[in-house]
Amino acid sequence: MKARLLAVCVASLALAGGAGTGSLAGSTTVPPPPKQPVAVGSGGAAATVDPLATQAAIRILRKGGNAVDAAVAAAAALGVVEPYSCGIGGGGFMLVYQARTRHLFTIDSREAAPAAFPPDAFIDPVTGKAVPFADLVTSGLSTGVPGTLLAWQEAERRFGRIKKLSRLLAPAIAIAGSGFVVDQTFHDQTADNAQRFSAFASTSALYLPGGEPLPVGAVQRNPDLAGTYGLIARNGVSAFYRGPVAHAIVETVQHPPLASGSKRNVRPGLLSAADLSAYRVKLRPPTRVDYRGYAVFGMGPPSSGGSTVGEALNILEGFDLHGMDRAQALHRYVEASRLAFADRGAYLGDPDFVPVPLRGLLSKQFAAERRAQIGTTASKSPVPPGTPPADLLPRSTTHLTVSDRFGNVVSYTFTIEQTGGNGIVVPGYGFLLNNELTDFETATGLPNSPAAGKRPRSSMSPTIVFSKGKPVLALGSPGGSTIITTVLQILVNRLDFGMTLPEAIAATRISQRNSATTQAEAAFLPTAEAGGLKALGHAFSSTPEIGAATGIEFLGGGVAQAAAEPVRRGGGSAMVVTPRTP
């Protein structure tokens, strides 16, 4: 969603008043940064879904910060202008490349199930059947322990230069306090969620003033979130995980603040103050596959992104995609995705709870076995999973991309799950809570079944690609399980089909996830490639858009190309510190 700042340069903020009221933007509105999906230059680069967040990153880079500092500033800004996709009420996965040590680190801040969360949490005790998904989406029961703020703290402590959240949160505080101008995407997403937002007094007060979504051109303010960020800036991240904010989160989850007269049956959750104080982020080993001379690094379990993208790439490496007719090449891409998703469903879960055969899934031997199952026509889904080599069994949605003049790179995907999270704003604090536990299976006994303290399987796929030991490409996307195919297709577009990064991001997308039909953006359906795939037995279901990617390609000599979506989600924003002159 695209949000626009009313007054960026605000020396002080008046934080008093109720949660976010709207008004029509007037003559005092400061114009937003220009929205451009591609930028080339030096000194550092950033790409996000919103120009205000990208601008926040670039300003930090210009003030001496590095890629981690800039990523935190951008993420905090996105929590204001992209509140239905991300925020401090959720979690995510961050890849950090540290140029000085030439090491890649991953930070897992995935939401965790509360300690009191039983394996049958999603089974209705009265009916004995799974609780309907629609009931779980808007509930306290689906809320996991948020990890986003601790990821920012850990990244800053280990890799940042500024190391002061007060400086990094300042742009977001200014945006939340002054407000941003509602565009069509923000309005539409509010309208799509209006029915469930209206069930909660705190959410409707913020996002449905007067009972209706703010119109395009109105100003959305969030003084409560500005105050929460200010509290964290002054007192540190512990102010969120203990004390009044933590108490408010627990109260919201256990006793959802229903609006007067609401008849919605909202299931309370099990999150406790002890869960918040006990939560820790985890540094995980990244995944790696070698593909056509490149080293492709991603996020390991509990994310299935690195393993599923990696397995599909391994399968595809046995085909000369560049030399094929495009429909034939896309047939292999679709079939590789289908097989990799079958294995994802069978084996991926939280490695602290289930053994994940990661090395087997990413082995060339296993890829060869799976590749042999790709025929000349479409397979019928669901295809069964394969069997990774047993001797390789070890014990194991917005996106932003930032680089700096030092050579550091951050690829970061974070989320609150469904658009609008669980629909509940924490009263007095201005942020939505996640419904991330819906990523668990409802059934028990599976790798991704619920358990106390367990982190649900994710599809987030922050990715960094290296050549000869140096980063050449970083990218990622939101989009639920389509994140995996979005990242995979961009990589194939760039590395096999020879598209530029902006072309690879802009190209129409298709997504096969071991289902009867392959999802396809409407623009793909009338193409010759679609016709060729249909002739091979592929069936399609139409969807407006798949993913909303950002990326950076490193062109050599300190020059980078930042790229974002030109159209999806209203278009993204790419900027560099020092633009290259034509």
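The values are calculated or read from the model by the stated rules, or taken from the named source; none is laboratory data. Remember, predicted model here, so these are calculated numbers, not experimental data. Virtual Cβ from ideal backbone geometry, glycine too; neighbours counted across all protein chains shown. Heavy atoms of the whole protein, side chains included, go into the accessibility calculation; ligands, DNA and RNA do not. Shrake-Rupley method; radii C 1.70, N 1.55, O 1.52, S 1.80 Å.
Summary table below
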quantity	calculated
Thr377, sole failed condition from (1) of a type outside the set (Lys, Arg); (2) under 21 Å from Ser481 (Cβ atoms); (3) in contact with a His (Cβ under 9 Å, 6 or more places away or on another chain)	(2)
Within the stretch 398-437, considering residues that are out of contact with any Lys or Arg (no Cβ under 9 Å at 6 or more places or on another chain) and open to solvent by 20 Å² or more (accessible area, probe 1.4 Å), the one nearest to Met299 (Cα to Cα)	Glu417
Residues satisfying the stated conditions in the stretch 334-359, i.e. over 23 Å from Gln489 (Cα atoms), open to solvent by 10 Å² or more (accessible area, probe 1.4 Å) and either among the aliphatic types (A, V, I, L, M) or within 23 Å of the chain's Cα centre (by Cα) (or both)	Pro351, Asp352, Val354
Residue, farthest from Tyr241 (Cα to Cα), within the stretch 153-195, restricted to residues that are open to solvent by less than 50 Å² (accessible area, probe 1.4 Å) and among the hydroxyl-bearing types (Ser, Thr, Tyr)	Thr185
Inter-residue pairs, beta-carbon under 8 Å, first in a helix (DSSP H, G or I) and surrounded by 10 or more Cβ atoms within 10 Å (Cβ to Cβ) and in the stretch 125-136, second polar (S, T, N, Q) and at pLDDT 90 or above, 6+ apart	Phe133/Thr438; Asp135/Asn265; Leu136/Ser142; Leu136/Asn435; Leu136/Thr438
Hey, Tyr84 in a loop (DSSP other than H, G, I, E, B), at pLDDT 95 or above and under 28 Å from Gly571 (Cα atoms) or not	yes
Residue in the stretch 322-333 that is nearest to the chain's Cα centre (by Cα), counting only those that are crowded, with 19+ Cβ neighbours inside 10 Å and among the aliphatic types (A, V, I, L, M)	Leu330
First in the stretch 443-455 and at positive phi, second anywhere and open to solvent by less than 40 Å² (accessible area, probe 1.4 Å) and not aromatic (Phe, Trp, Tyr), Cβ under 7 Å, 6 or more apart	Gly453/Ala112; Gly453/Ala113
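Conditions tested, residue by residue: (1) touching a Gly at 6+ places or on another chain (Cβ under 8 Å); (2) under 27 Å from Pro114 (Cβ atoms).
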site: Ala151; (1), (2): yes, yes
site: Phe159; (1), (2): no, no
site: Ile175; (1), (2): no, no
site: Gln189; (1), (2): yes, no
